[in-house]
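Everything below concerns the one structure shown next.
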Amino acid sequence: MIELIDILPFKHLDDCKIHLASWNGEDNPLDVFVRDRGEWDSWNAWRGKKDEFNRNYIFSLIDFYHEPSVWLFGGIYRIRARHSDRYEVELCEDHRDYIGRVKVLFKRPGRAKALIPDNHFHNMTVLELLRQPYDGEAFCGYESIDHSFSVLEPIFRSSKPDWKAALENIKGVYLITDLKNGKRYVGSAYGGNGIWSRWSCYIGTGHGWNDELTKLIEAEGFEYARSHFKLTLLEYRPMKVDDQSIIEREAYWKNVLLTRGEYGYNKN
């Protein structure tokens, strides 16, 4: 095993804290890192009441939540100023080329998110060095698509090639689940538009121009979709399949899942 310190030595190790960035109740930092690097920087600028990052540098690791006890190197930040509710930080040049590429194996000791390197760095080993910075989950196969909106968003916004190639040439029936209230919406993609095109509309708008979902997102805002929606592919077919068969399967799933009326967002 290769120790992390051998790959990412840092001359100010005695003047930094390790940031174990993980689920904050709304977002996974790994999704944030892929979606928006500026937003990820702001995670390292957040300050709690305890001023846990009370040294001059922050060595950031991102919970790679697809795999237990695995973390992704997120960069080293220097704290330029301290305020009551936040830090002013700047990304250091040290090991910039390894940001998003080094996967670290480390069993988290409890729930602490700020650790002293002297106590823990020797327990961190390099699991994998990615050829390119992590840019989202690899395509998982049609039968395994059951993903939160926040996971799919960076995949669609960046037109991740493996996902786009798999989804742009299939028709199908899909399910949107509102995890906050349990309501569901069944929809379909047919005609000249594949699943990729249809879901891209949801990622762009939050509602895909469906009546009930549009009302919800206009009232609650786009962040509601990002925080509470999950998309599932129920069935898929080649583009050459007759559209009527897709429409019939859509109706079948609406009946099975009771998505009309009080239990769901389908109007017909």
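Numbers below:
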quantity: Net charge over other residues, Cβ less than 14 angstrom from the Cβ of residue 191 (K, R count +1; D, E count -1); calculated: 0
quantity: Zone of residue 263's modelled label, taken as backbone nitrogen in region 232-251 under 15 Å from a point 7 Å along Cα→Cβ; calculated: 251
quantity: Test item: Cα-centred dipole of region 2-129, Lys/Arg +1 and Asp/Glu -1 on Cβ, debye; calculated: 360 debye
quantity: Region 2-129: equivalent-ellipsoid semi-axes (sqrt of 5 x gyration tensor eigenvalues, Cα, Å); calculated: 20, 17, 15
quantity: Helical segments meeting 18 Å axial Cα length and Kyte-Doolittle 0.0 threshold in the chain (DSSP H); calculated: none
quantity: Entries in 11/107; 49/183; 160/267 that, when Cα-Cα distance is taken, lie over 30 Å; calculated: 49/183; 160/267
quantity: Volume per residue that the Cα convex hull of region 142-263 spans, once the total is divided by residue count, Å³; calculated: 99 Å³
quantity: Area projected by the alpha carbon convex hull of region 38-91, averaged over all directions, nm²; calculated: 4.1 nm²
quantity: Residues with amide H under 5 Å from that of residue 194, placed H, sequence gap 5 or more; calculated: none
quantity: Relative contact order (%) - criterion: Cα under 8 Å, at least six apart; region: region 142-263; calculated: 38 percent
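Quick note: the coordinates plus some simple rules give every number you see, no bench work behind them. Not measured: the values here are computed from a predicted model. Cβ coordinates were reconstructed from backbone atoms using ideal geometry, including for glycine residues, and neighbour counts include every protein chain displayed.
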